[in-house]
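Visitor: Before I ask anything, here is the structure I am working with.
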Amino acid sequence: MRSEYEGQDVAPTTWLVNVNTRYTKIARSYAGTERTNLPPEDERINETFTVNVSVVRLLSRGWSIGMDLPIAANARTTWQEHDPTNTDKVHHTVNSFGAGDVRVAAYKWLWNTTESHRGNISIGLGLKFPTGNYKYKDDFYKATETISAPVNVTIQLGDGGMGFTNEINAYYNLNATMSLYGNFFYLFNPRGDNGVSSIDGEGTPTQLQIETGDVVYSVPDSYSARAGANFTLQKFIFWMGARMEGQPTYDLIGESNGSRRAGYTISAEPGVNYRIKKTTLYLFVPLTVQRKTQQTVPDIARSTITGTYFVSGGGFADYMIFLGAVFKL
């Protein structure tokens, strides 16, 4: 991967601005690796659209600092979260909109960026601030009234935790046109739960939910990893790789209580870049090839209490769309 930070190509550049959009639609539910095969009217549909603005200041000796600001517009359509006794299964949509959790990070290339190298590795450390509204509320429609309640965690704007991040970015040039790349990102979220009700608009929690702690949202760790190769052809760069992202059952630091969407997806990730002077346009479309929900801490407690293995169901997108542009200033 010919880095935006590396070598003579960016010698005059002191700022990089990356405007990235991400769109997903989730309309299928899984428990473990198996699809739950719910009737279409019973599926819970999520649509998320996020614009992430990243500003990076390039410094000397391979150092740089950056800030990420996400702005999201999300929607979730169900009937169960409104009036689960409604036999007509009338669907309603709740929404969330606003800024998410801001992240600030510092990066360092391990090898001298003023010299020519076939490859390089960048290490990044950052802080993630709980600036996004993790208690976002919308209207839920009951049989006789409308109530305002926190929306589902899958469309909340933040997680309520002060976290820190670790990143590794690497590339290796095989020849003048082909390169290998790899990226790894991990978010540590030490806070156990954020105190927000996980019952959505469904009403009173059951005794089993109370006993297992499945009544508030967790503040989970998260991770992503990418690896593959790219090929340069004049102003185009074509990419093909694999992508994995998810949330673990247990955080590496801190407690792991509360409701979370533990699990992961593995995707094939084709993409293309197009360079216009100091602007690079890009499009990546990860296509999901494997997905799995994993037991949460409340799931494990429930399995112990009932004597029957239980894993929460969850929705996964069949594809994602990343569309954006990088500007060199």
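The values are calculated or read from the model by the stated rules, or taken from the named source; none is laboratory data. Predicted model, so just to flag it, every value in this text is computed and none were measured. Ideal geometry is used to build each Cβ from the backbone, glycine not excepted, and the neighbour counts take in all protein chains shown. Note: areas computed on protein heavy atoms with side chains; ligands, DNA, RNA excluded. Shrake-Rupley method; radii C 1.70, N 1.55, O 1.52, S 1.80 Å.
Visitor: How far is helix 297-306 tilted, in degrees, relative to the longest principal axis of the Cα atoms in the chain, given as a value from 0 to 90 rounded to the nearest 10?
Guide: So the inclination is approximately 30 degrees.
Visitor: Which residue fluctuates most in the GNM of the chain (Cα springs below 10 Å): 70, 205, 298?
Guide: Looking only at 70, 205, 298, the largest GNM fluctuation is found for 205.
Visitor: Roughly how many Å² of residue 329 are accessible to a 1.4 Å probe, to the nearest 10?
Guide: 110 Å²
Visitor: Something else: Build a GNM of the chain with springs between Cα atoms under 10 Å: which of 179, 122, 148 gets the top mean-square fluctuation?
Guide: So, out of 179, 122, 148, the one fluctuating most is 148.
Visitor: Among the listed pairs 25/277; 25/135; 128/277; 108/135; 25/137; 137/292, which are separated by more than 26 Å between their Cα atoms?
Guide: 25/277; 128/277; 108/135; 137/292
Visitor: Related question: Ignoring solvent entirely, what values of log10 I(q)/I(0) come out of the Debye formula for the stretch 132-275 at 0.12, 0.21 Å⁻¹ when each Cα is a single scatterer?
Guide: At q = 0.12, 0.21 Å⁻¹ the computed log10 ratios are -0.66, -1.21.
Visitor: Which net charge results when you count Lys and Arg as +1 and Asp and Glu as -1 among the other residues whose beta-carbon is under 15 Å from that of residue 304?
Guide: Every neighbour counted, the sum reads -2.
Visitor: A further question follows. Can you work out the PRE-style zone for residue 162? Point 7 Å along Cα to Cβ, and I want the residues of the stretch 134-156 with backbone N under 19 Å.
Guide: 134-135
Visitor: Next question. From the list (i) 33, 55, 12, 0; (ii) 28, 60, 12; (iii) 28, 55, 17, 1, can you say which value of P(r) over Cα pairs in 20 Å bins from 0, in percent was derived from the structure given?
Guide: Correct label is (iii).
Visitor: Whenever you get a sec, line up 14, 113 from highest to lowest accessible area (probe 1.4 Å, protein heavy atoms).
Guide: 14, 113
Visitor: Let me ask something else. Quick one: pull the percent of accessible area on the chain belonging to carbon and sulfur, 1.4 Å probe, ligands and nucleic acids left out.
Guide: About 60 percent, which is the carbon plus sulfur part of the accessible surface.
Visitor: Tell me, what ³J(HN,Hα) does each residue in the stretch 321-329 have, in order and in whole Hz, if you take phi through Karplus 6.51 cos²θ - 1.76 cosθ + 1.60 with θ = phi - 60° and put x for Gly and Pro?
Guide: 10, 10, 10, x, 8, 10, 10, 9, 10
Visitor: Just how much of residue 109 is accessible, in Å², when a 1.4 Å probe is used and the result is rounded to the nearest 10?
Guide: 10 Å²
Visitor: Among 142, 137, what's the order by accessible area (1.4 angstrom probe), most exposed first?
Guide: 137, 142
Visitor: Please compute the per residue accessible area over the stretch 36-76 with all protein chains in place, 1.4 Å probe, rounded to a whole number of Å².
Guide: Using a 1.4 Å probe on heavy atoms only, each residue of the stretch 36-76 averages 53 Å².
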